[in-house]
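Read through the structure below, which is laid out as structure tokens, and then see the notes.
The values are calculated or read from the model by the stated rules, or taken from the named source; none is laboratory data. No experiment lies behind these values; they were computed from the predicted model shown. Virtual Cβ from ideal backbone geometry, glycine too; neighbours counted across all protein chains shown.
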Amino acid sequence: MENRMTLEEEQARKGKTYKMLLWFGMISICMIFAGLTSAYVVSKSRPDWLKDFVLPSAFVISTVAMLVSSFTFYLALQATKKDNRSSASMFLLITLALGIAFIVLQFKGFGQVIDNGYFFTGSESNVTTSFLYIAVLVHIAHLLGGIISLLVVIYNHYKQKYNSAQTLGIELSAMYWHFMDFIWVYLFLFFYFFK
């Protein structure tokens, strides 16, 4: 019994350490996006700033996909805590599909911006769309980390490494996923309302 308590305490300590490291990483990511949005605000005074730029509809749909994916990841974690493997599997796969759909919709949004006659780079580009392009690409790069983490969780789930007593991996991945959801909603609202 003594060894078991020590093992549980060690797992709890390990979990706290990993969560703290994840928090430090997420704070660093926040600082990247704070810097990008601050530069965006400062650049608003430029004469080539687009005051009538409207975000493409694909970005609205992708925002809905991201919000739903956060909910399905939450449901996957809850199902794991209840040892409901089939529901956890379904929600993890739905989360993955929505994450991929989000990225596809982001690139569709880039296409819609170009179709409207705005460009991100080159002589025909402007600072407004270039900032949008950079912010979205940086977010996608960080979200790809979340998708890799989700793939690891799905693999470990199928290897039966998670159950009601062991949820650390899925918890960490879900924390990061919800954080990336929060970052995207922040960026979307920022670009939508700050013109």
Restricting to the stretch 162-189, name every residue that is surrounded by fewer than 18 Cβ atoms within 10 Å (Cβ to Cβ) and in contact with a Gly (Cβ under 7 Å, 6 or more places away or on another chain). 168
Test residue 127 against the criterion of being modelled with pLDDT under 95 and either acidic (Asp, Glu) or crowded, with 18+ Cβ neighbours inside 10 Å (or both), and give yes or no. no
The one condition in (1) assigned to a helix (DSSP H, G or I); (2) of a type in the set (D, E, K, R); (3) within 30 Å of residue 51 (Cβ to Cβ) that residue 171 fails to fulfil: (3)
When residues of the stretch 130-153 are limited to those that are within 22 Å of residue 53 (Cβ to Cβ) and small (Gly, Ala, Ser), the one modelled with the lowest pLDDT: 130
So which pairs qualify, if the first residue must be in the stretch 170-194 and touching a residue at least 40 places away in the same chain (Cβ under 8 Å), the second must be outside any helix (DSSP H, G or I) and surrounded by fewer than 19 Cβ atoms within 10 Å (Cβ to Cβ), the Cβ gap must be under 7 Å, and the two must be at least 6 apart or on different chains? 191/55; 192/55
Just checking, which of 42, 64, 60 is under 14 Å from the mean Cα position of the chain (by Cα) and of a type in the set (Val, Ile, Thr)? 64
Are any of the residues in the stretch 141-164 without any contact (Cβ under 8 Å) to a residue 40 or more places away in the chain, of a type outside the set (S, T, N, Q) and not in a helix (DSSP H, G or I)? yes
Please give the number of the condition residue 72 fails out of (1) within 16 Å of residue 105 (Cα to Cα); (2) of a type outside the set (Gly, Ala, Ser); (3) touching a helix residue (DSSP H, G or I) at 6+ places or on another chain (Cβ under 8 Å). (1)
Here are 26, 31: which of them is touching a residue at least 60 places away in the same chain (Cβ under 8 Å) and among the aliphatic types (A, V, I, L, M)? 26
